[in-house]
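Notes follow the structure.
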Amino acid sequence: MRLSTTVSTIGTILYGGRRRIGYMKAIVADPVGGRGNLKYVDLPVPEPGDGEVLVKIEAIGVNYIDTYFRTGFYKAPENPVRLGNEAAGTVVKGGKGTNWQAGQRVAYAMARGSYAEYALVPQHFLVALPEDVSFENGAAVMLQGMTAHYLAYSTFPLKAGNICLIHAAAGGAGSLLVQIAKIAGATVIGTVSTAEKAQIAKESGADHTILYNDEDFVAETKRITNGKGVDVVYDSVGKTTFHKSLDCLRPRGLMASFGQSSGGVGEIDPLILSQKGSLFLTRPSLGNYISDPAEMKWRSSDLFQWIEQGRLKVRIYKIYNLADADMAHRDLESRKTNGKLLLKP
Ligand code: NDP
């Protein structure tokens, strides 16, 4: 792409009348829409306000949610739209009321605007990044790793004896969830679209894999569980898997519909949950599972510790230049990626 559009008016729109420290490169969606609407622009580096920390970004996590903000499927209040929800880097300076020091290594998720050389981050989203966790691994696990953590430890707390079905098991969230479900002691069935991805899911620890484009994943799940069904389905695929996923559950099992990479699920009649075995359905979101700082510390420090201990392997699919964010979106949406995509400023 390498669009280098200097749009000073965009800076004014995004950062209002704030004092500027300098200029930076950033990606915005202007306006929301296809990948061609991504622009590589010069924006002011703003002075941090109260409770905000200015972070120099070293590695940026690419997530499916970024495509939703790009297209307008998820609404952002500003236009043009800042993109990116995850990064790792070093603190430049903190605004009033913050307690972070210049030079500290940090990582964060869920603060939009990380497709840039610098980002203003509300301090409650930041965690300290241990010395032996690289910026790349830090940026790779904050959003999808904490998601996998809450799904496996809070939404349905897995334990030995449980069996779960994880869709897109070689994907970003999926490959971390497979590993964390194994750490929690569960048996894992993973669905994937290709034999190569099945191999990746097995390397992550999946006990069984199903090629859900070629095989009937309901029949296969029933076969593997001797007709009983699984305790929980973790479904990030949505439209093409949702209803069949309900058929994979045991009576009173839990459906965690946490994403929609194939499209939105649409309307659901709650009666269907009764007919299929008094099922539980939840549509969880990371924000509600890290709003308590102690919870966020628990999840992120478990992840960093597991990485340090070699129990959690971070699979980086590819690192793209920030200017090539459109290529990262193209690859993610074309379903050919596995593991994590990163951008480098
Ligand atoms: P992934 O790395 O999982 O990429 C998407 C994967 O979904 C593909 O690789 C593909 O795997 C599978 N897929 C199935 N059908 C399609 C399709 N029609 N188009 C594209 N992909 C398809 O992405 P993420 O891990 O970043 O996110 C997955 C989903 O989870 C997203 O909807 C995201 O928003 C959501 N999510 C939700 C969170 C929450 O807290 N609720 C947090 C994090 C992510 P295969 O080829 O094997 O089928």
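Residue under question is F69, and the condition is that it be over 19 Å from A26 (Cα atoms) and either surrounded by fewer than 20 Cβ atoms within 10 Å (Cβ to Cβ) or not small (G, A, S) (or both); does it hold?
No.
Does any residue of region 272-282 turn out to be closer than 30 Å to L129 by Cβ, assigned to a loop (DSSP other than H, G, I, E, B) and either outside the structural domain of L129 (by TED's automatic domain parsing) or open to solvent by less than 50 Å² (accessible area, probe 1.4 Å) (or both)?
no
Assuming A323 fulfils every condition listed in (1) over 28 Å from A198 (Cα atoms); (2) outside the structural domain of E131 (by TED's automatic domain parsing); (3) among the aliphatic types (A, V, I, L, M) apart from one, which condition is it?
In the conditions (1) over 28 Å from A198 (Cα atoms); (2) outside the structural domain of E131 (by TED's automatic domain parsing); (3) among the aliphatic types (A, V, I, L, M), A323 misses (2) alone.
Touching a Lys or Arg at 6+ places or on another chain (Cβ under 7 Å), farther than 9 Å from A206 by Cβ and among the hydrophobic types (A, V, I, L, M, F, W, C), is that true of I163? Full working, then the answer.
Values: touching a Lys or Arg at 6+ places or on another chain (Cβ under 7 Å): no; farther than 9 Å from A206 by Cβ: yes; among the hydrophobic types (A, V, I, L, M, F, W, C): yes.
Against the criterion (touching a Lys or Arg at 6+ places or on another chain (Cβ under 7 Å), farther than 9 Å from A206 by Cβ and among the hydrophobic types (A, V, I, L, M, F, W, C)), I163 does not qualify.
For residues that are part of a strand (DSSP E or B) and within 12 Å of the ligand (Cβ to nearest atom), scanning just region 319-341, find the one that is farthest from A173 (Cα to Cα). Even if it seems obvious, please write down each step before you answer.
Filtering region 319-341 down to residues part of a strand (DSSP E or B) leaves 319-321, 340-341.
Now drop any that are not within 12 Å of the ligand (Cβ to nearest atom), which leaves 340-341.
Working: K340: 8, L341: 11 Å.
Among them, the one singled out is L341.
Are any residues in region 283-297 open to solvent by 80 Å² or more (accessible area, probe 1.4 Å) and in contact with a helix residue (DSSP H, G or I) (Cβ under 8 Å, 6 or more places away or on another chain), and if so, which ones?
The one that is open to solvent by 80 Å² or more (accessible area, probe 1.4 Å) and in contact with a helix residue (DSSP H, G or I) (Cβ under 8 Å, 6 or more places away or on another chain): P293.
Looking at (1) closer than 20 Å to F280 by Cα; (2) within 9 Å of the ligand (Cβ to nearest atom); (3) β-branched (V, I, T); (4) open to solvent by 10 Å² or more (accessible area, probe 1.4 Å), which is the one condition that is false for V265?
Checking V265 against (1) closer than 20 Å to F280 by Cα; (2) within 9 Å of the ligand (Cβ to nearest atom); (3) β-branched (V, I, T); (4) open to solvent by 10 Å² or more (accessible area, probe 1.4 Å), the one that fails is (2).
Name the residue that is most open to solvent (accessible area, probe 1.4 Å), counting only residues in region 204-237 that are over 15 Å from A173 (Cα atoms) and in a helix (DSSP H, G or I).
Filtering region 204-237 for residues that are over 15 Å from A173 (Cα atoms) and in a helix (DSSP H, G or I), the one most open to solvent (accessible area, probe 1.4 Å) comes out as R223.
For the condition open to solvent by 10 Å² or more (accessible area, probe 1.4 Å), out of contact with any Asp or Glu (no Cβ under 9 Å at 6 or more places or on another chain) and under 28 Å from E333 (Cβ atoms), what is the one hit in P31, P48, P44?
P31
How do the pairs read when you match residues in region 23-45 that are within 14 Å of G84 (Cα to Cα) with residues anywhere that are in a strand (DSSP E or B) and basic (K, R), using Cβ under 8 Å and keeping only pairs 6 or more apart or on different chains?
Short answer, once both residue conditions are applied: A26/R82; I27/K39; V28/K39; V28/R82; A29/K39; Y40/K25.
If you go through region 1-38 one residue at a time, how many are modelled with pLDDT of 95 or more and charged (D, E, K, R)?
Kept after step one, since they are modelled with pLDDT of 95 or more, are these residues of region 1-38: 24-38.
Checking which are charged (D, E, K, R) leaves us with 25, 30, 35.
Going through region 1-38 one residue at a time, the tally reaches 3.
With region 113-181 as the region, which strands (runs of 3 or more DSSP E) entirely inside it contain at least 3 residues that are open to solvent by less than 10 Å² (accessible area, probe 1.4 Å)?
163-166
When only residues in region 238-253 that are among the small types (G, A, S) and not in a strand (DSSP E or B) count, which is nearest to P284 (Cα to Cα)?
That would be G238.
Which numbered condition in (1) assigned to a loop (DSSP other than H, G, I, E, B); (2) of a type in the set (K, R); (3) within 12 Å of the ligand (Cβ to nearest atom) is the only one that K197 fails?
(1)
Go over the candidates G36, G84 one by one and state the one that is surrounded by 17 or more Cβ atoms within 10 Å (Cβ to Cβ) and not in a strand (DSSP E or B).
None of the other options fit; the residue is G84.
The values are calculated or read from the model by the stated rules, or taken from the named source; none is laboratory data. Predicted model only: the values in this text are computed from it and were never measured. Using ideal geometry, Cβ is built from the backbone for each residue, glycine included, and neighbour counts are taken over all protein chains shown. Surface areas here come from the heavy atoms of the whole protein model, side chains and all, with no ligands, DNA or RNA. Shrake-Rupley method; radii C 1.70, N 1.55, O 1.52, S 1.80 Å.
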